[in-house]
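The values are calculated or read from the model by the stated rules, or taken from the named source; none is laboratory data. Nothing here was measured: the structure is a model prediction, and the numbers come from that model. When we count neighbours, we look across all protein chains shown, and the Cβ atoms used for this are built from the backbone with ideal geometry, even at glycine. Only protein heavy atoms, including side chains, enter the accessible area calculation; ligands, DNA and RNA are left aside. Shrake-Rupley method; radii C 1.70, N 1.55, O 1.52, S 1.80 Å.
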Amino acid sequence: MEIALETAVPTYSGGLGVLAGDTIRSAADLGAPMVALTLLHRKGYFVQHLDQSGRQTETPVDWRPEEKLEALQPRVTVEIEGRTVHVRAWQYTVRGVSGAIVPVYLLDTALPENTPDDQRITDTLYGGDAEYRLRQEIVLGIGGVAMLRALGIDGDVVHHLNEGHASLATLALLERQREGRQWEQEVSEADVAAVRRQVVFTTHTPVPAGHDKFPIDLASRLLGAERVDLLRRAQALDGDWLHMTVLALRFARYVNAVAMRHQEVSREMFPQHEIEAITNGVHAVTWTSRAFQELFDRQIPRWRHNNLYLRYAVKIPLEEIRDAHAASKAVMLGEVKRRAGVELDPKVMTIGFARRSTPYKRADLIFTDVDRLREMTRRVGPMQIVYAGKAHPHDEFGKQLIQRIYEASTKLGDALKVVYLENYDMTLGGILTSGSDVWLNTPLRPLEASGTSGMKAAMNGVPSFSTLDGWWIEGCVEGVTGWAIGEDRALPQDPSHDAVDLYRKLEQVILPLYYGLPYRWAELSRNAIALNGSFFNTQRMVGEYIQNAYFPNGTMVRPLAKEAVG
Ligand SMILES: *Cc1c(COP(=O)(O)O)cnc(C)c1O
């Protein structure tokens, strides 16, 4: 549903889209035979405005697809509510480090043949109501499969449904399997098996509300009663719901969660299914600051081709790590000055926190006890905090969260400067994850499926300070790659305990280390790169998808002829 291609193509809202973009960038680096499909989102994912109290309002993004994308000829159609909806595609070409490409096709219904309403189907990412969303998912899933065929991409194709938004692709594949037969004819297990051979599915959220589902009446109205009946006979419905995850699970031969802990949670949610784990990553070159790119180019020349070599960061002199970080931090502070007019001090330990503003991420956890924070700053060492993040337009609590950060900022005044930057996007994400001294993350367990911004920080030698959830359970080596907030994940969640632990570690471990032992700190930076940068990247991740999910029998590699094996 969303792919983060570049800052000027606003077709993503957050981590899901960034991950999709990073996946494609690494697939291109590896020369993997892959194409990607998404929607065009002509109105993008809104421009964020914050007033003096931090109240968010939104306006559409003004961008011109024709300036960034190449228009393609083929047209396909999908049936929605008994009408024929025409769909075109635009191409964005992702080029890998060795020149291989992965094309991305962005589907668009803004064609004069369509009714004004249908022309708007591909306008707004996560906008509108359930009906609008289902129309989008019909275009994405069913239109997507049709477009592949129209583009001549056919035959032995593995369809990777990245999240349930694309699940209706399975319906299109089932219909294709049954082409030429009467629709009343029974759906056999052989039909289902034929679809399953072609489908791989990744689930991305441990929050039940994060899984799209639509009432059966709505599905029948938009898809037609016959198609919904077909899904019922294929046992792909969830009672009276068209549940996109249930649909994908029924038709996928391989299913995975996006981190080990997320695998456990997903298995509890869907106990009748086998769910594997492939832990997320980030695209190393995209998320490494200019200064660190230059450092790695000098010290680890092949790192762009093979991210595994980031392991050799262990040999980089600490002085050079410190210099590269200082340069990245200067870039961030310059950006804070330019965007917010606030002058931050480069000598002060700077905490970064940027992600979608939604309640479970608890952006205000660090302000649980403002007096204690002020006191700590005075007694142990100064801090400053840089925030960014958009709240979904309908997420009132997410919006209030931003206002609470503004309130805390006012209360703290000059004792601890807090800056909130508008319009968190790929550019800002890169600047903040590389320029902060500590990357803070405080999700309520177990709601963070993976999280990836801490991986970007690690690429740049920035240690994470995070609750043990998602990827950090795998990436945290206490005092070596960063620090955990709240030690024992077996204990029942007590949010107030997390805040206490956060303060305790800041005061007794992190601030004293930052100001007292700068070279010990630089060792942490180096460990973050060598241990976590070398692993939590999408090159390793795509490799796992290829080996475990797409081609488990090694069929991507053409087998050597018998004689050649000799
Ligand atoms: C990396 C990134 C995210 C995802 O970060 P999380 O830590 O997973 O929340 C979201 N938005 C942008 C712009 C990013 O760059």
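Descriptive notes on the structure:
- Shown here for segment 102-171: GluC sites (Glu not before Pro) in loop regions (DSSP other than H, G, I, E, B) with at most 11 other Cβ atoms within 10 Å, of which there are none.
- Per DSSP, loop GluC sites (Glu not before Pro) in segment 450-535 with at most 15 further Cβ within 10 Å: 487
- Candidate cross-link partners of residue 315 among the aspartates and glutamates, defined by an alpha-carbon separation under 12 Å and a same-chain spacing of 8 or more, comprise 523.
- With all protein chains modelled, accessible area of residue 520 [1.4 Å, Å²]: 90
- Around the Cα centre of the chain, unit charges on the Cβ atoms of Lys, Arg, Asp and Glu (plus for the first two, minus for the last two) sum to a dipole of about 1280 debye.
- Over segment 290-536, relative contact order from alpha-carbon pairs under 8 Å, at least 6 apart, %: 24
- Residues 519, 105, sorted by accessible area with the largest first, give 519, 105 [1.4 Å probe; ligands and nucleic acids excluded].
- Shape call, segment 290-536: gyration tensor on alpha carbons, a/c limit 1.5: rounded
- Based on C-alpha pairs under 8 angstrom that are at least 6 apart in sequence, the chain has a relative contact order of 14 percent.
- Once all protein chains are placed together, residue 45 keeps about 20 Å² accessible to a 1.4 angstrom probe.
- Dipole of the chain, positive end: most advanced residue of 303, 242, 5 [Cβ charges, Cα centre]: 303
- Carbon and sulfur %, accessible surface of the chain computed with the full protein complex present, 1.4 Å: 51
- Surface calculation, 1.4 Å probe, protein heavy atoms: residue 500 sits at approximately 80 Å² accessible.
- Exceeding the 19 Å Cα-Cα cut-off - candidates 361/399; 68/329; 399/456: 68/329; 399/456
- Cα centroid separation, segment 204-238 to segment 23-52: 26 Å.
- For segment 290-536, size of Cβ-based charge dipole, Lys and Arg +1, Asp and Glu -1, in debye: 540
- Distance from the C-alpha centroid of segment 76-113 to that of segment 305-381: 39 Å, rounded to the whole angstrom.
- Beta bridge orientation in the chain: antiparallel %, DSSP, nearest 5: 40
- The helix-only estimate of mean residue ellipticity at 222 nm for the chain, built from DSSP H runs of length n ≥ 4 each weighted as -39500 (n - 2.57), is -10500 deg cm²/dmol after division by the residue total.
- Unit charges at the beta carbon, dipole of segment 396-554: most positive-side option, 517, 410, 502: 517
- Cα gyration tensor category, rounded, prolate or oblate, for segment 22-168 with a/c compared to 1.5: oblate
- With a 1.4 Å probe rolled over the protein heavy atoms of all chains, the accessible area of 541, 34 falls in the order 34, 541, largest first.
- Distance from the alpha carbon centroid of segment 416-490 to that of segment 387-411 works out to 19 angstrom.
- Taking the Cα centre of segment 44-95 as origin and assigning +1 to Lys and Arg Cβ atoms and -1 to Asp and Glu Cβ atoms, the resulting dipole is close to 200 debye.
- Here is the list for segment 228-298: GluC sites (Glu not before Pro) lying in DSSP coil, each with at most 12 other C-beta atoms within 10 angstrom of its C-beta, are 274.
- For the chain, the equivalent ellipsoid derived from the alpha-carbon gyration tensor has semi-axes of 41, 27, 22 Å in decreasing order.
- Three-way shape label, segment 379-435, alpha-carbon gyration tensor, a/c 1.5: oblate
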